[in-house]
1. Quick one: work out Rg over Rh on the C-alpha atoms of region 1-81, Rh as Kirkwood radius.
2. Suppose a student asked you for the relative contact order of region 23-162, using Cα pairs under 8 Å spaced at least 6 residues apart; what percent would you report?
3. Please get the size of the charge dipole for the chain, origin at its Cα centre, with Cβ charges of +1 on Lys and Arg and -1 on Asp and Glu, quoted in debye to the nearest 20.
4. Take the alpha carbon atoms of region 118-137, find their center, do the same for region 3-80, and report the distance between the two centers in whole angstrom.
5. For region 53-188, which semi-axes, largest first and in whole Å, follow from the square roots of 5 times the eigenvalues of its Cα gyration tensor?
6. How far apart, in nanometres, would the label points at residue 31 and residue 90 be if each is projected 7 angstrom from Cα along the Cα-to-Cβ direction?
7. HN-Hα J couplings of region 124-133 from phi, Karplus 6.51/-1.76/1.60, θ = phi - 60°, integer Hz, Gly and Pro as x?
8. Within the set of other residues whose C-beta is less than 10 Å from the C-beta of residue 97, count the net charge using Lys and Arg as +1 and Asp and Glu as -1.
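Nothing in this text is a laboratory measurement; each read-out follows from the coordinates by a stated rule. Predicted model, so just to flag it, every value in this text is computed and none were measured. All Cβ positions, glycine included, derive from the backbone under ideal geometry; neighbour counts span all protein chains shown.
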Amino acid sequence: MSDSAKRFAPGWPLWIFLLAFLPLLIILGFWQLDRAEEKRAMQAQMDANRSAVAETLEQLQQQSDPSWRPLYLQGRFDPERIWLLDNRIRGGKAGVEVLQVFDDHASGDSLIVNRGWIPWPDRRQRPTVATPDQDVQLDAEALPSAEQGFTLGQSGGTSDWPKLISRVDLESMAAGVERPLLGWTARLKTGSQAAFKLDWPALPMTASKHTAYAVQWFALAIALLALFIWAGFQSEHRGKNNNE
C-alpha cells in the first residue's frame with residue numbers, strides 16, 4: 001500500500017495520552033506568559049518607584065506602596081541589635097549581609113536596615129561588625145514586605161548578638177527587640193554612610209525567562225501533537241501489514 005493511501009487511526013491509547021498531556025502543556029505555557037506579564041508590571045512599578053524623589057521615613061509611611069522608593073534616614077544604629085543573614089555569596093566568596101536596627105530621629109520610628117555584605121572567611125568565629133558611634137545620614141530604599149513569612153534559622157543562644165539567621169522573618173526578629181519595628185525593611189544605596197558592599201543581586205527571574213519557559217512548553221505541545229499524528233498513521237500502517 002502506498003503512503004498516500006495511509007489512513008489516520010491512532011487508537012484509543014494514543015488519544016488518552018494526547019488528551020492527558022496536551023492540555024497540561026498548553027496550560028503551563030499560558031501560566032508562564034501570565035508570570036512574565038506579572039514580572040513586567042513588577043519591574044515597571046519598581047522602576048517608577050526608584051525614580052521618585054527621596055523621602056523621609058515619616059513621608060514614606062504615607063505612601064500606599066513604599067516598596068523600592070528612595071528613603072532618607074537620619075539617626076543612629078543600635079550597636080547591639082544586629083543579624084547576620086547567612087549564605088550570601090559575592091564574587092565566589094562566602095559571607096553575610098548585615099541587618100541592623102536603626103532609630104530614625106525625625107519620625108521616632110525604628111526599622112531594620114540592610115547595610116550590605118561582608119566576607120566571613122572563618123566559620124569558627126562570627127565576623128565583627130563595626131557600628132558608627134554617632135548619628136549618620138543614610139540613603140536607602142524601602143524593600144517590599146513580601147520578604148516576610150520566611151523561616152528564621154538561628155544559631156547560638158537567644159541572648160547572643162549578633163544573631164545568625166538563614167532567612168528574613170520580621171516577626172521573629174522583632175520579638176528580640178525591646179521597641180516596635182516597622183513591618184518592612186530598607187537597604188542602603190551606593191554612597192551611603194555606614195554601607196558595606198552593596199552589589200545587590202538582581203531579581204531571581206525576569207519576564208524574559210518566563211517567556212522563554214512558555215516557548216518551551218508550547219514547543220513541547222507542538223512536538224507532542226506532531227508525534228501523535230505520526231504515530232496515528234504508523235499504527236494504521238502496521239495494522240494493515242499484520243493483516244496481510
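1. Reported Rg/Rh (Cα atoms, Kirkwood Rh): 1.50.
2. Values: 195 pairs, mean separation 33.7, N = 140.
So the answer I get is 24 percent.
3. On the way: 25 positive and 28 negative charges, 243 e Å.
With only Lys, Arg, Asp and Glu charged at Cβ, the dipole is about 1160 debye.
4. Comparing the Cα centres of region 118-137 and region 3-80, I get a distance of 35 Å.
5. On the way: eigenvalues 119, 48, 47 Å².
Ellipsoid half-lengths, sorted descending, are 24, 15, 15 Å.
6. It works out to 3.7 nm between the two label points.
7. Ordered by residue, 3J(HN,Hα) equals 6, 9, 5, x, 8, 10, 7, 10, x, 9 Hz.
8. On the way: positive: 88, 90, 115, 187, 197; negative: 86.
The answer is +4.
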